[in-house]
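Chemist: I have a structure here, written as structure tokens, and I will follow up with some questions on it.
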Amino acid sequence: MTDIFDDLQAEYEQLDTVLAALTPAQWSHPSAAAGWTVSDVVLHLAQTEELAAASIRGELAGPRTRGEVDAMADSAVAAERDIAPADLLARWRAATAFMPAALRAHPRGNRLTWVAASLSPATLATTRLAEHWAHALDITAPLGIPYPDTARLRHIAWLGHRTLPYAFDVEGLAGGPVHCELTAPDGELWHFGDHDAPSVITGPAGDFCRVGARRLAAADSALKATGPHGAEALAVLRNYAY
């Protein structure tokens, strides 16, 4: 895969292009994230980037459960949601400007606290890319703004596949090996996992990532699952770190 830190920067830049062009009415428009406006979503992204910076500085407490994380996110947004769009965009830009270089410079052997577990700098960068991509969809889809899939989805698909054992465990399922053969936006085939695994998922990488982000139901996707654990894998798939 290409460099995760460079690709994180590229994802920020793609979203920045969208945010910089928003009108005041679009900033206050409902997003696809239930109960949140576009401004709320950007505020959440800025806040979570600031939490990632705190982790790099060794100041983030953890771990936390999913329920705690969701409640904290809602409370944090509610506490600051009156920020003007221009100030909010500046805050998000300041937070994201710090992140790629700081994660790249962090010693690889030193893991970082993040939500439910400790992560390597590269994996934390991957989760930040995945969250920005998913919330970019929340922002752009209701506004009818294009947000094309890119080869950066490979990082997100890797994260979803890599965390399947954890996802099975969270749901109390035994699970098992799963091989993924996913079609990239440019038509290339991406493979994750053992080719000889008894369970296989095939289909568009964009659908796989959307299912993992809980932005698309597996039944509504073009993904096909076979084998003893294929359907279970799609049901538990997640590309976020809790």
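Chemist: Residue 113 versus (1) under 21 Å from the mean Cα position of the chain (by Cα); (2) part of a helix (DSSP H, G or I): which is the lone unmet condition?
Modeler: (2)
Chemist: Now for a separate question. Would you pick out the residues in segment 101-115 that are charged (D, E, K, R) and at pLDDT 90 or above?
Modeler: Listed by number, the residues that qualify are 104, 111.
Chemist: Conditions first: (1) at pLDDT 95 or above; (2) buried (at least 19 other Cβ atoms within 10 Å of the Cβ); (3) part of a helix (DSSP H, G or I). Residue 33 passes all but one, so which condition is the exception?
Modeler: (3) is the only condition that residue 33 fails.
Chemist: Between a residue in segment 163-191 that is over 22 Å from residue 127 (Cβ atoms) and any residue that is open to solvent by less than 30 Å² (accessible area, probe 1.4 Å) and outside any helix (DSSP H, G or I), which pairs come within a Cβ distance under 6 Å, given they are 6 or more apart or on different chains?
Modeler: Within 6 Å, the pairs are 177/197; 179/197.
Chemist: Please specify each residue of segment 107-117 satisfying the condition of being touching a helix residue (DSSP H, G or I) at 6+ places or on another chain (Cβ under 9 Å) and surrounded by fewer than 16 Cβ atoms within 10 Å (Cβ to Cβ).
Modeler: Once the filter is applied, which keeps residues that are touching a helix residue (DSSP H, G or I) at 6+ places or on another chain (Cβ under 9 Å) and surrounded by fewer than 16 Cβ atoms within 10 Å (Cβ to Cβ), segment 107-117 yields 107, 108, 110, 117.
Chemist: Quick one: would you say residue 74 is among the acidic types (Asp, Glu) and open to solvent by 40 Å² or more (accessible area, probe 1.4 Å)?
Modeler: yes
Chemist: Being open to solvent by 20 Å² or more (accessible area, probe 1.4 Å) and at pLDDT 95 or above is the filter here, so list the residues in segment 90-100 that pass it.
Modeler: 90, 91, 93, 94, 97
Chemist: A further question follows. Among the residues of segment 12-20, is there at least one that is closer than 14 Å to residue 99 by Cα, in a helix (DSSP H, G or I) and touching a residue at least 40 places away in the same chain (Cβ under 8 Å)?
Modeler: Taking every residue of segment 12-20 in turn, at least one turns out to be closer than 14 Å to residue 99 by Cα, in a helix (DSSP H, G or I) and touching a residue at least 40 places away in the same chain (Cβ under 8 Å).
Chemist: Working carefully through the options 102, 71, 79, 25, find the one that is part of a helix (DSSP H, G or I) and within 21 Å of residue 12 (Cα to Cα).
Modeler: Answer to the selection: 102.
Chemist: State whether the residues of segment 59-69 include one that is in contact with a His (Cβ under 8 Å, 6 or more places away or on another chain) and either surrounded by fewer than 16 Cβ atoms within 10 Å (Cβ to Cβ) or not charged (D, E, K, R) (or both).
Modeler: no
Chemist: Inspect all residues belonging to segment 78-86 and state whether any of them is under 27 Å from residue 4 (Cβ atoms), out of contact with any strand residue (DSSP E or B) (no Cβ under 8 Å at 6 or more places or on another chain), in contact (Cβ under 8 Å) with a residue 24 or more places away in the chain and open to solvent by 20 Å² or more (accessible area, probe 1.4 Å).
Modeler: No.
Chemist: Further question: With the checklist (1) without any contact (Cβ under 8 Å) to a residue 40 or more places away in the chain; (2) closer than 27 Å to residue 166 by Cα in hand, flag the one item residue 49 doesn't pass.
Modeler: The failed condition is (1).
Chemist: So, restricting to helices (runs of 4 or more DSSP H) that lie completely within segment 129-242, which ones have at least 2 residues that are open to solvent by 50 Å² or more (accessible area, probe 1.4 Å) and either modelled with pLDDT under 95 or within 28 Å of residue 46 (Cβ to Cβ) (or both)?
Modeler: 153-162, 164-170
The values are calculated or read from the model by the stated rules, or taken from the named source; none is laboratory data. Being a predicted model, the structure only gives us computed values, none of them experimental. Methodologically, a virtual Cβ is constructed for each residue, glycine included, from the backbone with ideal geometry; neighbour enumeration extends over all protein chains shown. These accessible areas exclude ligands, DNA and RNA; they are computed on the full protein's heavy atoms, side chains included. Shrake-Rupley method; radii C 1.70, N 1.55, O 1.52, S 1.80 Å.
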